[in-house]
Every structure is written in C-alpha cells, then in structure tokens.
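One structure is given here, and the rest of the page talks about it.
The values are calculated or read from the model by the stated rules, or taken from the named source; none is laboratory data. What you see is a predicted model; the values in this text were computed from it and never measured. With ideal geometry, Cβ positions are generated from the backbone for all residues, glycine too; neighbour counts draw on all protein chains shown. SASA here: full protein model, heavy atoms, side chains in, ligands and nucleic acids out. Shrake-Rupley method; radii C 1.70, N 1.55, O 1.52, S 1.80 Å.
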Amino acid sequence: MKRITIGFIPLTDAAPLIAAHERGFAAEEGLSFDLVREVSWANIRDKLSIGLFDAAHMLTPLALASALGIGHVKVPMIAPVTLALNGNAITLSAAFVRELGDLPEDPVAALPLIAAAIKRRESAGLSPPVFASTFPFSTHNYILRAYLAAGGIDPDRDVQLVVIPPPLMAGSLEKGLIDGFCVGSPWNSVAVDRGAGHILTPSSALFSRIPEKTLVIGDTLAAGDGETLRAIIAATARGAAWCADPGNALELAAMLSAPHYLSVAAPLVLRTIEGRLIFTPGGPSRSVPDFIRYDVPGAARPDAGRYAWLYAQMVRWGQTRFDPAAAARIAALIRTDLFDAAVGAEGATGDDDPIGSILEPAFDPGDLAGYLARFDVRGLPKARG
C-alpha cells in the first residue's frame, strides 16, 4: 500500500478524508492515508510547500492564493476535489449581543444594530468591535467582510479584524478577547454550548454554495504516478459520498468526535452534520438546509465559477490586482479533468450563479469586471443611482 501523508485542521469539513481512511475507501484504492492534525492554516500551507505533506485539507481561497503566488511564495499544487460547500457561521459574543439588544433572526436586520454599536463605542472613545476569521485568504474573511459591507460598515476602518486558528475561536470569545467570529463547524456550536456565543447567521443564509475546503495535492505527487493521483481523488470522492448519505450521520459524528480528529462531543458534531443548529445558549435547534454539503458531484466537483468568485474577493479587498489571465490559471489549479476521470462525473453544475448569492446580486463569473465595478475602493457596495 502506498502511504499518503495528509495534513488537516479539526473541522467538520475534513470528514471526506477521515471517512476515506476510517471506512476503508483509501485502502480499497491501494492507499494508506496518514492523517496529521494541525492547528493553523499557515502550518498546512508551509508543510505542503516543503514536501512534509503529500496532500492537505485546505481553505479553498488559500489554495488559490498559494497557487497564484498571492500574499506568499507561489506553491505549485492542484486542487481536484472540493471537500465541502458551506459549513460556516458568524457568531457574536454574549456581551456584544447585549450591546445590540434583541438579535433578529434576519441577519440583514442586525446590520443597523451593529453599526449603531460601533458608533456608540466610537463616541465613548472605546475600541471598535473585534471580529476574527481563520486566515486572510479564507471564505470566513470574505463572508464576514461582505456581510459588514452590506450594512455600510467598512471592515478595514470601522471594526478590527484579526486571525485566530479555528480550535481557538470559542475560547477567545469566552475570554472576551473578541466580539465575534466567522469559522467553520463545529466551533460555532461549541461557543453556543459553552454559553459564550450566539450564532448570528449560517454562511449558507448569505451565500448558498461557497466552496469551503479543498483537497490539495503537492506538485511532486501531482506530477508523478497518475494511478496514485487517480486513487487519491477516487478515495476522497467516495468518502464525500458516504458523508453525504443522511443514513451515515450518526456513525460519521462518532468518527469525527474522536480525540485525534475533532475531539468534540458526538451529539454536537451530529447537529452540525444534520444542519440542526442551536443559535442561542439554551435555545431550541433550528433546521438549516444545506448547512454543509458533501454531495458528489454537486459539491465535490471543483467549479471554476466558484473559484472565480473567490478570486474576485481577493481583488475586491485589495489582496491582489485584477489579472485577466486568472481564469486560465484557475483551470490549471482545479483540474476538473482529473476529477471526472477518477469519479466518472462530467459537465458543469448548471447553476446560473455558482455561489448562490443571497446577500448580493447574482454573481456572473464571465463578467468579473462588472462584478467588481459594483464596489467602491473600500470594497463597499456603491450607491445605486
């Protein structure tokens, strides 16, 4: 059996890789997945770049930025499998919720309350609210920024944005170090169960098809044995399909809860898998359709339009300048041809808006310039005239 070393962060969307290992899909493909738990995305990226990892569970925007050489040295890789769509939420501290007053169910209706709290702090000479995401090149950063910007809040001036690794988010909220965060499951639910946080909104209520994490494969392995590459893709896709079956939810939750994976109670993990979120401490659970998606090929097949939206966020928020050749470079990264050959899928998703914009107008990946023209130099929506 060929051993493949794969780095991962303890998050629910690492499930396809964990299932591929635990359920024997990797072994059936002639592989042994050696899953190595890491604490930070920088560790994941850097260990992949120097060859300590053959492959990794990675933030999709980080994979794109690394492959394009944005914000760091260029790291050759391919990203032929999306591990999950969605799965994030914005959570506020109990103390900040008290500042806002009653928290409405509609997250857009909460934006004027957040803006008013910012102004009150400014008038009192107090520091602005502090919100955390997991990495500058992350869906969490872009979702949080887009949400605040929709309310006229400048995320680079009106609040302080910081980076905290996912497993440390709930503790940081509990200690009063931050006022809120955007992170993947199960860490939002952990904060609620500790009484430290209130979920403001799941990311799927803002954008319904965000490509959250991807399986990235380092250049050495990607350029090597084609059969091994096919086997890694096939085993991961089989893991994703198994995770997508509701009948496997109980077993999956027990699997992920293990100390060497998420080390979080299985009933809490089960809620996130099934999309039954408790928004407030001691409150009832609410159904969140498509909170996290593993389905094959709909979620697992990498989609160039979804990557184009992520690239547009990098441009919108000043992380890079617009490059008309970006589309070709995205195609070279995601390698849908390898996914289709290994899994037997083919063709585009057929979605008019690949990321399911709810917070913003529909996204057209064929008109990045038009999309970017909607925003001013701060990334805020321009007033319609």
Rounded to whole Å², per residue accessible area for region 258-385 with a 1.4 Å probe reads 48
Length gained, ALA115-ASP337, 0.36 nm per residue minus C-alpha separation, equals 75.3 nm
Over all Cα pairs of region 196-286, the Kirkwood radius sets Rh, and Rg/Rh then becomes 1.07
SASA check, LYS119, accessible area w/ 1.4 Å probe, all protein chains in place, rounded to nearest 10 Å², comes out at 140
Whole-percent carbon and sulfur contribution to the accessible surface of region 253-385 (1.4 Å, no ligands, DNA or RNA) stands at 54
Listed by chain and number, the aspartates and glutamates with an alpha carbon less than 20 angstrom from that of LYS382, same-chain partners under 8 positions apart left out, are ASP154, ASP156, ASP158, GLU360, ASP364, ASP367
Across all Cα atoms of the chain, Rg and the largest Cα-Cα distance (Dmax), in Å, are 19.9, 65
Taking the alpha-carbon centre of each part, the distance from region 270-289 to region 130-194 in Å is 19
Length-normalised contact order of the chain, Cα under 8 Å, at least 6 apart, in percent, tallies to 24
Highest mean packing first, using Cβ neighbours within 10 angstrom, the peptides 128-137, 55-64 sort as 55-64, 128-137
Calculated from DSSP helices alone, with each H run of at least 4 adding -39500 (n - 2.57) and the total divided by the residues of the chain, [θ]222 nm to the nearest 500 comes to -11500 deg cm²/dmol
Here the relative contact order (percent) of region 284-385, from C-alpha pairs under 8 Å and at least 6 apart, is 31
Straight-line reach check, LYS74, cutoff 26 Å on alpha carbons, 8 or more apart in-chain or any other chain, hits among lysines -> LYS47, LYS213
The FRET efficiency for THR220 and VAL162, from their Cβ-Cβ distance with R0 = 35 Å and rounded to 0.05, is 0.55
Rounded to one decimal in nm, the spacing of the 7 Å Cα→Cβ label points at ALA373 and ARG276 is 4.9
Per DSSP loop assignment and a cutoff of at most 15 other beta carbons within 10 Å, the chain keeps its longest run without exposed GluC sites (Glu not before Pro) at 106-345
Between the residues ILE143, ALA15, GLY87, the Cα farthest towards the positive end of the dipole of the chain, that dipole coming from +1 and -1 charges on the beta-carbon of Lys, Arg, Asp and Glu, is from ILE143
Scalar couplings 3J(HN,Hα) for region 7-23 by Karplus 6.51 cos²θ - 1.76 cosθ + 1.60 (θ = phi - 60°), nearest whole Hz, x for Gly and Pro, are x, 8, 9, x, 9, 4, 7, 7, 3, x, 6, 5, 5, 4, 6, 5, 8
Over region 81-185, with neighbouring protein chains present, the accessible area per residue in Å² at probe 1.4 Å is 36
Contact order relative to length for region 219-313, counting C-alpha pairs under 8 Å separated by 6 or more residues, stands in percent at 22
